[in-house]
Amino acid sequence: MSAIAPSAVTFDGRFARELKEMAIPWQAEQVPDPRLLVLNEPLAAELGLGAAYLRGPDGLLLLTGNLVPGGATPVAQAYAGHQFGWLAPRLGDGRALLLGEIADADGRLRDVHLKGSGRTPFARGGDGLAAVGPMLREYVVSEAMHAMGIPTTRSLAVVATGRPVLRETLLPGAVLTRVASSHLRVGSFQFARATGDIDLLRRLADHAIARHFPAAAEARNPYVALLQSVIAAQASLVARWMLVGFVHGVMNTDNMTIFGETIDYGPCAFLDAFDPAAVYSSIDETGRYAYRNQPVVAEWNLTRLAESLLPLFHDEQEQAVVLAQDSLAAFRRQYSAAWSAGLRAKIGLPDDLDDDAASPLVDELLSLLQAGRADHTMFFRGLAEAARGRTARVRSLFPDPAAFDAWAVRWSSLGPDADAMDRVNPAYIPRNHLVEEALDAATAGDLDPFARLLEAVTSPYDERPELERYAAAAPEDFGPYRTFCGT
Ligand code: AMP
Ligand code: MG
């Protein structure tokens, strides 16, 4: 294996160096026949990686972990996780590797990470591999989230490996190259805490502070400030999910980042018909991760983070618990504020509108959407058109438009700003039927539908007449949507 640096970029191995106890040096599996399926050129440029280099033979080896650049120490990261409420103390990267960190164009450290790169010591029964479909799904959904301004891990490339992967059938295999502000998770802290090594826990917390929340280092209690920073980041993130109708699907503590980026696009989906109880994941039998539960689950996960950090807060446990509880209490306030402000913006009302006027209007709207099972994305996008006096499209989403009409009279009397609405309500999201269509075609070797979908959802606010089908509802025969995890 050669060790040539790609162009002028140097990789660092900071996590591997500072947190050895949580990093197992490991190598990616050999890829027999790498073939580039998609490359994110703007992201490559941010990282200083030349697109021409990445498309070339060495680039493909780099993107699959088969060429280890100078400075990089590929590692499988250890973490724990509450999965559907049950603690798995030793999860870790079973089929992923952290290649290393790169300082981007703004000097920010970014993780370059591989998913589907082969079995690691954390693989348990898994084959360590990933199929083309799920990796392209993560690519398109994460890039759609980014384009909507929602914090997320990014996707740099998907490379087909030429190796088949056995699922229910044999599928083409792939490696996703993921870029993130870091891969520190709530589960990383649970892992460190469970070792009983308080020095490790402190080093992990210091690493997180230095990397993500340097201001916390100046606080009277830096570790409480760390917890508070994570709480604020997650309150804001989950509100953003709720406002676009995103259902993550598997909000286990190992899938919740410290920096507040969305991570791990497995069984995720977007609402079509507005339904607070919506669940898409086939394994979420109790609806733990239903659309409406996401804020509550986030708070539950943050409570697990607080528990993990307790020994750093105060020498006396009782005092530490008080500090944790006081910090956690902020989540509901911060989430509600972000959600309310976001929803007002979606319906074009100013921030400073009196609460007595805005709140009942918002609550009634949500009841109307639920009763009418109106398409979430089409409704909010169409409402701007209604603000311009054209109500036909939005009315047609309700089986009984009379109730909507009554609401709309009160709403329009407040003077909603249609242009501002178009800047926050996407016309294009990765609609479930379009994602399935694109992934089925890609699995069969045709990447055109994927490329067209990607083009639509990466300029989500810019409505283009020729992309009408990307804004339309699923055909009747699409049926109830189910997603699958761990694929
Ligand atoms: P996820 O649900 O994708 O967040 O994964 C949960 C855990 O299962 C993590 O530890 C993964 O690394 C591991 N895992 C998922 N799929 C595989 C696979 N095919 N082979 C090995 N480990 C896997
Ligand atoms: Mg995961």
query: Looking at V250, V297, which is the one that is surrounded by 16 or more Cβ atoms within 10 Å (Cβ to Cβ), within 16 Å of ligand 2 (Cβ to nearest atom) and not in a loop (DSSP other than H, G, I, E, B)?
result: V297
query: Of all residues in the range 259-272, how many are away from ligand 2 (no atom under 14 Å from the Cβ) and open to solvent by less than 20 Å² (accessible area, probe 1.4 Å)?
result: 4
task: Report, by residue number, each residue of the range 419-446 that is among the aliphatic types (A, V, I, L, M) and more than 23 Å from the chain's Cα centre (by Cα).
output: A420, M421, A441, A444
statement: The residue from A330, A345, A306, A337 that alone is modelled with pLDDT of 95 or more, farther than 21 Å from Q228 by Cα and within 24 Å of the chain's Cα centre (by Cα) is A345
task: State all residues of the range 67-90 that are touching a strand residue (DSSP E or B) at 6+ places or on another chain (Cβ under 9 Å), away from ligand 1 (no atom under 16 Å from the Cβ) and either assigned by TED's automatic domain parsing to the domain that holds E307 or open to solvent by 10 Å² or more (accessible area, probe 1.4 Å) (or both); if no residue qualifies, say none.
output: V68, G71, A72, T73
query: Yes or no: D462 touching a residue at least 24 places away in the same chain (Cβ under 8 Å) and either in contact with a Cys (Cβ under 9 Å, 6 or more places away or on another chain) or surrounded by fewer than 15 Cβ atoms within 10 Å (Cβ to Cβ) (or both)?
result: yes
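Yes/no per residue for (1) assigned to a loop (DSSP other than H, G, I, E, B); (2) among the polar types (S, T, N, Q); (3) open to solvent by 20 Å² or more (accessible area, probe 1.4 Å):
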| site | (1), (2), (3) |
| --- | --- |
| L36 | no, no, yes |
| P42 | no, no, yes |
| A45 | no, no, yes |
| L54 | no, no, no |
| G59 | no, no, no |
| G65 | yes, no, no |
| G92 | yes, no, no |
| L98 | no, no, no |
| V112 | no, no, no |
- line: Picking from A371, A441, A406, A427, the residue that is surrounded by 15 or more Cβ atoms within 10 Å (Cβ to Cβ) and not in a loop (DSSP other than H, G, I, E, B) would be A441
- line: R240 vs (1) under 23 Å from R119 (Cβ atoms); (2) touching a Gly at 6+ places or on another chain (Cβ under 8 Å); (3) away from ligand 1 (no atom under 16 Å from the Cβ); (4) not β-branched (V, I, T): all pass except (1)
query: Among the helices (runs of 4 or more DSSP H) confined wholly to the range 132-224, which include 2 or more residues that are within 16 Å of ligand 2 (Cβ to nearest atom), within 21 Å of P460 (Cβ to Cβ) and assigned by TED's automatic domain parsing to the domain that holds G116?
result: 132-147
task: Would you point out the residue of the range 273-287, among those that are charged (D, E, K, R) and more than 14 Å from ligand 1 (Cβ to nearest atom), that is surrounded by the most Cβ atoms within 10 Å (Cβ to Cβ)?
output: D275
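The values are calculated or read from the model by the stated rules, or taken from the named source; none is laboratory data. Because the structure is a prediction, the values reported are computed rather than measured. All Cβ positions, glycine included, derive from the backbone under ideal geometry; neighbour counts span all protein chains shown. Surface accessibility is based on the protein's heavy atoms, side chains included, excluding ligands, DNA and RNA. Shrake-Rupley method; radii C 1.70, N 1.55, O 1.52, S 1.80 Å.
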